[in-house]
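Below is one structure, written out as structure tokens, with a few remarks after it.
The values are calculated or read from the model by the stated rules, or taken from the named source; none is laboratory data. Keep in mind it's a predicted model, so treat the numbers as computed, not measured. Ideal geometry is used to build each Cβ from the backbone, glycine not excepted, and the neighbour counts take in all protein chains shown.
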Amino acid sequence: MADTENKELKVREKQELAAPAEQTRSGLVFTPHVDIYETEKEIILVADMPGVKTKDLTIDLRDDTLTLSGDIEPFENPDEQDMMIEYEVGKFYRQFTLSEVIDQSKIDANLSDGVLRLALPKVEKAKPRRIEVKAG
Amino acid sequence: MIYRRMFGFPGWGVRSPFTELEQLRRQIGRMYDEYSGTPSLRGRAGVFPPVNVTENRENYYLRAELPGIRAADLDIQATGNTISLAGERKITGVEENARYHRREREAGKFSRVISLPDDIDTDQVKANMTDGILTVVVPKAEKAKPRQITVK
């Protein structure tokens, strides 16, 4: 796997949401790329949401469904003309169903440099527990 | 028709047999774009990162989405009338015994050069990295700015 160190990043087109629920304002909606990994104590979710500020981010967890929703403020001056556009700008939205039971009071969210990092600690009883089998 | 063009029929010169296919491919690609409703102003970027270039009277603006990259990992240079962006994206903060459920974000190096049509003022180029969006403001050189000509 030595060549993963020097590999060049490839372009991946932004994924548009296939069937978004009706929005009140028109605009494109994209699904952010995420990494989800799990340790013994918590589930960590890292999402790329460039251009989203903390005040425009909504994280919702109910009924085992986690919803990430980020709004983008337009940042171009009105007198700018497009010369070459290679990516579109739009809101971000993604939903996940969580299989583990999460301790909602201890969720930690951190948004910096356009990357959202969510730490979802598992409830105590979801940790694996060895069950002793007694003979007899 | 391709046969005729390959042999330098007057006025056409020698063309690769693939140019017609290339044109056809582009036309079909444009038709697909119109059909699906996405704006066809979008070009297909071949190199990471996709960059949007816009301009107004005084400046060019280059924007790229680079989440998770800190200013220190970026190398931006302005030479002549080109801007080059290079850097590396690292994925950090993963613990040792983590099990991945999903892995969509990539890490690696990137490097790209953008050529601008007009002369630019390389001393005044400014770059700003906020919330994962890199904005490079490239002022046009004085002589390249459009001059308003009054009609008497």
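Restricting attention to segment B:50-93, the residues that are within 15 Å of B:Lys126 (Cα to Cα) and basic (Lys, Arg) total 1. If you filter segment B:86-110 down to residues that are over 20 Å from A:Glu13 (Cβ atoms) and among the aliphatic types (A, V, I, L, M), you find that the one that is farthest from the other protein chains (Cβ to nearest Cβ) is B:Ala86.
Is one or more of the residues making up segment B:113-129 under 16 Å from the mean Cα position of the chain (by Cα), in a strand (DSSP E or B), facing chain A (nearest Cβ under 10 Å) and closer than 30 Å to A:Glu38 by Cβ? No: segment B:113-129 contains no residue that is under 16 Å from the mean Cα position of the chain (by Cα), in a strand (DSSP E or B), facing chain A (nearest Cβ under 10 Å) and closer than 30 Å to A:Glu38 by Cβ. Looking only at residues in segment B:65-85 that are part of a loop (DSSP other than H, G, I, E, B) and more than 9 Å from every other protein chain (Cβ to nearest Cβ), which one is surrounded by the fewest Cβ atoms within 10 Å (Cβ to Cβ)? So, considering only residues that are part of a loop (DSSP other than H, G, I, E, B) and more than 9 Å from every other protein chain (Cβ to nearest Cβ), the one surrounded by the fewest Cβ atoms within 10 Å (Cβ to Cβ) is B:Gly80. For segment A:58-72, the set of residues classified as part of a loop (DSSP other than H, G, I, E, B) and in contact (Cβ under 8 Å) with a residue 40 or more places away in the chain is empty. Of the set (1) in a strand (DSSP E or B); (2) modelled with pLDDT under 90; (3) hydroxyl-bearing (Ser, Thr, Tyr), all apply to B:Thr92 but (1). Taking the condition on the phi < 0 side of the Ramachandran plot, at pLDDT 80 or above, among the basic types (Lys, Arg) and touching a strand residue (DSSP E or B) at 6+ places or on another chain (Cβ under 7 Å), does A:Lys122 pass? Yes. Taken over segment A:35-83, residues that are over 21 Å from B:Pro67 (Cβ atoms), surrounded by 12 or more Cβ atoms within 10 Å (Cβ to Cβ) and facing another protein chain (nearest Cβ under 8 Å) amount to 5. Any residue in segment A:77-97 that is of a type in the set (D, E, K, R), part of a strand (DSSP E or B) and under 30 Å from B:Val113 (Cβ atoms)? Scanning segment A:77-97 turns up at least one residue that is of a type in the set (D, E, K, R), part of a strand (DSSP E or B) and under 30 Å from B:Val113 (Cβ atoms).
Within segment A:84-103, if we keep just the residues that are of a type in the set (Ser, Thr, Tyr) and in contact with a strand residue (DSSP E or B) (Cβ under 6 Å, 6 or more places away or on another chain), the residue that is farthest from the other protein chains (Cβ to nearest Cβ) turns out to be A:Tyr93.
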